[in-house]
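The values are calculated or read from the model by the stated rules, or taken from the named source; none is laboratory data. Note that the structure is predicted; figures quoted are calculated from it, not measured. Every residue, glycine as well, gets a Cβ built from its backbone with ideal geometry; the counts of neighbours run over all protein chains shown. Surface areas here come from the heavy atoms of the whole protein model, side chains and all, with no ligands, DNA or RNA. Shrake-Rupley method; radii C 1.70, N 1.55, O 1.52, S 1.80 Å.
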Amino acid sequence: NSTTQEVSLVSDINPGVEGSGPEAFAIYNNELYFRAFQPSLGYDLYSYNPTDGSVTQRTDVSANLDPRYLTVYKNKLFFGGQFSNATNNELLYYDAATDELVLTEDLSPSASNPRDLVVFNDKLYFGTNTEDYGRELWEYNDTSLSIVADIYSGVVGSDPTGLTTFNDKLYFAA
């Protein structure tokens with residue numbers, strides 16, 4: 001609290017000595033969303049409502065969801081995560097309006113591990129890994145996933161990281 005200069009515990013998600021490791025914060029639907037850990041569940045998606053002080057577990061998947069790179073796009077919360085025990089780390093979204101967790105597409109049988117999500121020109125950009133291209137720059141346009149360019153031809157990939165927008169351009173290291 002910047003007014004009182006006090007720090008207070010919002011919620012003890014994993015009671016006891018062990019922490020819950022909350023991180024990957026994003027503001028979505030007028031709440032603070034984040035990933036946190038519980039030993040019996042693994043990492044799941046939670047939200048904090050500042051109006052009533054409540055913390056709500058938003059997802060409960062059979063696998064360790066492990067949501068990362070939380071990014072709001074088209075009124076949905078996108079992130080990389082494990083949708084189920086049968087699906088490895090892929091691009092997912094949580095829709096607060098329907099309270100649903102959705103897999104956009106299973107891009108890679110092993111795991112595409114999308115990361116560094118950023119919204120630019122009304123599309124969602126991210127680095128992801130596929131067997132055909134390796135790790136390259138991809139986009140999602142609210143209906144489908146597609147590769148932007150095979151920057152470094154071959155299975156190794158260019159490994160685009162640090163995606164950010166500046167001066168009406170998308171920048172990244174590759």
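Under the condition of being closer than 15 Å to Arg115 by Cα and in contact with a Gly (Cβ under 6 Å, 6 or more places away or on another chain), the residues counted in the stretch 49-74 number 5.
Only one of the numbered conditions (1) at pLDDT below 90; (2) at positive phi; (3) open to solvent by 70 Å² or more (accessible area, probe 1.4 Å) is violated by Tyr69, and that is (1). Residues of the stretch 38-55 that are β-branched (Val, Ile, Thr) and exposed (fewer than 13 other Cβ atoms within 10 Å of the Cβ): Thr51 alone. Annotation: Tyr93 fulfils all but one of (1) in contact (Cβ under 8 Å) with a residue 24 or more places away in the chain; (2) under 15 Å from the mean Cα position of the chain (by Cα); the unmet one is (1). Being of a type in the set (A, V, I, L, M) and touching a Pro at 6+ places or on another chain (Cβ under 9 Å) holds for only one residue in Leu65, Leu101, Leu41, Leu92, and it is Leu92.
Tell me, which residue of the stretch 98-110 that is free of Cβ contacts under 8 Å to residues at least 24 places away in the same chain and part of a loop (DSSP other than H, G, I, E, B) is nearest to Phe25 (Cα to Cα)? Checking each candidate, the answer is Thr98.
Looking only at residues in the stretch 111-130 that are part of a loop (DSSP other than H, G, I, E, B) and open to solvent by 50 Å² or more (accessible area, probe 1.4 Å), the one that is nearest to Ala174 (Cα to Cα) is Asn113. Of all residues being open to solvent by 40 Å² or more (accessible area, probe 1.4 Å), without any contact (Cβ under 8 Å) to a residue 40 or more places away in the chain and assigned to a strand (DSSP E or B) in the stretch 22-37, which is nearest to Leu163 (Cα to Cα)? Just the residue, please. Among those residues, the one meeting the criterion is Glu23. Of the listed requirements (1) at pLDDT 95 or above; (2) on the phi > 0 side of the Ramachandran plot, Leu137 misses just one: (2). Conditions: (1) crowded, with 17+ Cβ neighbours inside 10 Å; (2) of a type in the set (Gly, Ala, Ser); (3) in a loop (DSSP other than H, G, I, E, B). Ser62 meets all but one. Number of the miss? Single failed check for Ser62: (1). Looking across the stretch 84-97, just one residue is of a type in the set (Gly, Ala, Ser) and either buried (at least 17 other Cβ atoms within 10 Å of the Cβ) or in a strand (DSSP E or B) (or both), and that is Ser84.
Among the residues making up the stretch 131-170, those that are open to solvent by 80 Å² or more (accessible area, probe 1.4 Å), among the charged types (D, E, K, R) and under 26 Å from Val102 (Cβ atoms) are Glu131, Asp132.
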